[in-house]
Amino acid sequence: MGARTGTEFLEGLARLRPDVWVGSEKVADVLEHPAFSGAARTVAALFDLQHEAADDCLVPDPETGEPINASHLIPRSRADLEQRHRCMQRAAELTVGLMGRSPDYMNVTFAGFAARPDEWGANGNEEGAANLIAYQKLLRRRDLSLTHTIIHPTIDKSRGDFPGPDVALHKVADTAHGIVVRGARILATLAPFADELAVYPAHPLPDGADAHALAFCIPMDTPGLKFICRDSCSTPRNLFDHPLSSRFDEQDAFVIFDDVEVPRDRVFIGGNRAVYNQVMLTSWFPNVMQQTMIRAQTKLEFAWGLATRMTEAIGDFSPATTQMLGELWSYVEFARAAIRAAEADAFEWVPGVWFPRGEPLAALRAALPTWFPRVTEIITLVGSHNLLAAPTAAQLADPALAPFVDQYLRGAGDVSATARARIFRLAWDFVGSALAARGVLYERFYLASGARNYQVIHKIAPKERATALVDRFLNEDLGVDDTAAMAERAAARALR
C-alpha cells in the first residue's frame, strides 16, 4: 500500500472497534464523537500532507520501491537525517507543535529499533528481533498510526516506581499462538486515533521482574484491551472561538490489559529482562529526539509569533514587553541551534546506521520543561486582561452587539475588532484553555522533569575538555608542594 491518504486513514479507523471510554461513555464511533472528531480530522490532514509535500515527506521503500513516509527511514547517511528533518518539520508546522505524538513520533521510534538488531537480538532474543524488523516493514508499508504505553501506573510512590506484580503489565501464560498478558500501563497518547498499540521499555526493571519484561504491538481492538481516556479538552468544531482546542486534542488514555493474547510474531521481548533493560540506553534517545525537538522548536516559534501579533494588536512596544519577546525568540534560536548541531555532528552509530549526536539534544531536553511554563507566563503577561475580552464569533455577528464591539474592542491602528478577537482567542486557547493546561503538564513531564534531566546529563556529559581546561591551572608547577602547604595551613587553623 505505502503512504496512505487522510481518507484511507479515516476509513481504517472506522473499521476498528476498540474498547475506548471517555467519561461514563463507551465510545461507539471515534470519528463522530465530539471529544474526538476534530483531532481525528487533524491526524487525517497529516496523512494528506505527506502527499501534498511529497518532495519532503515521501521516499521509496528500500525493498519494494513503494512510497513511504520519510519518518519510516532507517537513516543510512546524514542526507537521510536531513530528509527526515524536512518531513517532520512539515508535520510539526501543521499542528504548530501541539500534537506531541503525531504518527511520525512512533514511525521514527520503530525505525530506530529496527536499525539495532544487535541490541534487540542479544541474550538469546533473536526471534524477538526478527519479529520487530518484520513489524517495522509492515508498519511503514501499511502506514499505520501507532500509540504507545511504556510507564507503569503509580500506586504508592513511597514503595518505589514499580507498582508490584498485580498491577504492572506482565505475562501470565504461554499459548499455542503467543502469550497472554495482564495488568495496566500509562499513558497512551493518541490512542483513539491509532490503528495499533505498542508496548516497549521505559525504565529498567528490578531483579525478579522477568515476567514484566515485555515489548509487542497489537491492533487497538484486540480482545481484552480497554482504554480509559482523560476528560476531553476538545471543544465543538468552532474554529473562530476555539482554533486550537477544536483541532489538536490528541488525548491520553490509561490502558488495561485484561488477559490479552499477543500473537507470537508480534512479540519483540517476551520475558528477557536483560534485553528489556538495555535497548533504550544507547541510540534510542538521539534518534527519537530529532523528531520531538523539531516539534518543540516549532511550538516555540509559534508562541513567539503569537506574542508578537498580540503586541501589535494593542500597540504595546514598551521595553518590558519587547524584552519578553526577545526572550521567546532566544528560546526559538537555542532550540534551532541544538537541533542543527546534533544533525551536523551526526555519525555512524553502527555500520550503516546514522543518528544525530545526542549531547545537544540532551541539553535541550533538560531545558524545555523550564522554558515552556515560562512561555505560558510571558504570553499571559503580554495578554493580561485582553485574554478575557475577546468576543465570540456569535457576539461579533449579533446585530445588537456588533456596533459596540466594533467601537470598544477594536485594536491599535487599523486592527478591527474581529482581527483583535481572533488573535486573543488564539492566545487564550494556547495558554488558558483546558488544552493549554494539559500542554503545560505534557511539556513538563513527557521526557521526565527538567530537574531529573539536568542530574542525568551532568553524569553522562563528556567532561574531558572541561576538566583539562581547569587542570592546566591546577597542575602548574608553582615551586611549592601545594598539598603539603594546604595541610600545614589546615593544621595551623586547628591549633588556634
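In region 139-183, how many are modelled with pLDDT of 95 or more, part of a strand (DSSP E or B) and within 18 Å of PRO206 (Cβ to Cβ)?
Summing the residues that are modelled with pLDDT of 95 or more, part of a strand (DSSP E or B) and within 18 Å of PRO206 (Cβ to Cβ) in region 139-183 gives 3.
Report yes if some residue within region 264-281 is out of contact with any strand residue (DSSP E or B) (no Cβ under 8 Å at 6 or more places or on another chain), modelled with pLDDT under 95 and surrounded by fewer than 20 Cβ atoms within 10 Å (Cβ to Cβ); otherwise report no.
Yes - at least one qualifying residue is present in region 264-281.
Filter region 55-75 for residues that are part of a loop (DSSP other than H, G, I, E, B) and within 21 Å of the chain's Cα centre (by Cα); which is surrounded by the most Cβ atoms within 10 Å (Cβ to Cβ)?
PRO75
Here are some residues: TRP349, TRP354. Which one is part of a strand (DSSP E or B), farther than 28 Å from LEU325 by Cβ, out of contact with any Leu (no Cβ under 9 Å at 6 or more places or on another chain) and in contact (Cβ under 8 Å) with a residue 40 or more places away in the chain?
Values: TRP354 fails: out of contact with any Leu (no Cβ under 9 Å at 6 or more places or on another chain).
Selected residue: TRP349, the only one of TRP349, TRP354 that is part of a strand (DSSP E or B), farther than 28 Å from LEU325 by Cβ, out of contact with any Leu (no Cβ under 9 Å at 6 or more places or on another chain) and in contact (Cβ under 8 Å) with a residue 40 or more places away in the chain.
Go through region 459-474 and give me each residue that's modelled with pLDDT under 95 and surrounded by 10 or more Cβ atoms within 10 Å (Cβ to Cβ).
Passing the criteria: ILE460, ALA461.
Need the failing condition index for ARG410 against (1) of a type in the set (Lys, Arg); (2) surrounded by 20 or more Cβ atoms within 10 Å (Cβ to Cβ); (3) free of Cβ contacts under 8 Å to residues at least 24 places away in the same chain, just the number.
So ARG410 meets the others, but not (2).
Go through (1) over 40 Å from the mean Cα position of the chain (by Cα); (2) modelled with pLDDT of 95 or more; (3) assigned to a helix (DSSP H, G or I); (4) among the aliphatic types (A, V, I, L, M) for ALA400 and report which single condition fails.
All conditions pass for ALA400, except number (3).
Condition first: in contact with a Leu (Cβ under 7 Å, 6 or more places away or on another chain), more than 30 Å from PHE36 (Cβ to Cβ) and modelled with pLDDT of 95 or more. Can you find one or more residues in region 419-441 that meet it? Steps first, answer last, please.
Here is the first cut: in region 419-441, the residues in contact with a Leu (Cβ under 7 Å, 6 or more places away or on another chain) are 420-421, 424, 426-430, 432, 435, 439.
Within this subset, residues satisfying the condition of being more than 30 Å from PHE36 (Cβ to Cβ) are 420.
This time we only want the ones that are modelled with pLDDT of 95 or more, so: 420.
Looking for residues that are in contact with a Leu (Cβ under 7 Å, 6 or more places away or on another chain), more than 30 Å from PHE36 (Cβ to Cβ) and modelled with pLDDT of 95 or more, one finds at least one in region 419-441, hence yes.
Out of ALA35, ALA44, I need the residue that is in contact with a Leu (Cβ under 6 Å, 6 or more places away or on another chain), surrounded by 17 or more Cβ atoms within 10 Å (Cβ to Cβ) and in the same structural domain as SER145 (by TED's automatic domain parsing). Which one?
Only one candidate passes the filter, namely ALA44.
When you go through ASP195, ASP143 one by one, which is the residue that is surrounded by 16 or more Cβ atoms within 10 Å (Cβ to Cβ), under 18 Å from VAL260 (Cα atoms), assigned by TED's automatic domain parsing to the domain that holds LEU16 and acidic (Asp, Glu)?
Details: ASP143 fails: under 18 Å from VAL260 (Cα atoms).
The match here is ASP195.
The values are calculated or read from the model by the stated rules, or taken from the named source; none is laboratory data. Predicted, not measured: the structure shown is a model, and the values here were computed from it. Neighbour counts run over all protein chains shown; Cβ positions are idealised from the backbone, glycine included.
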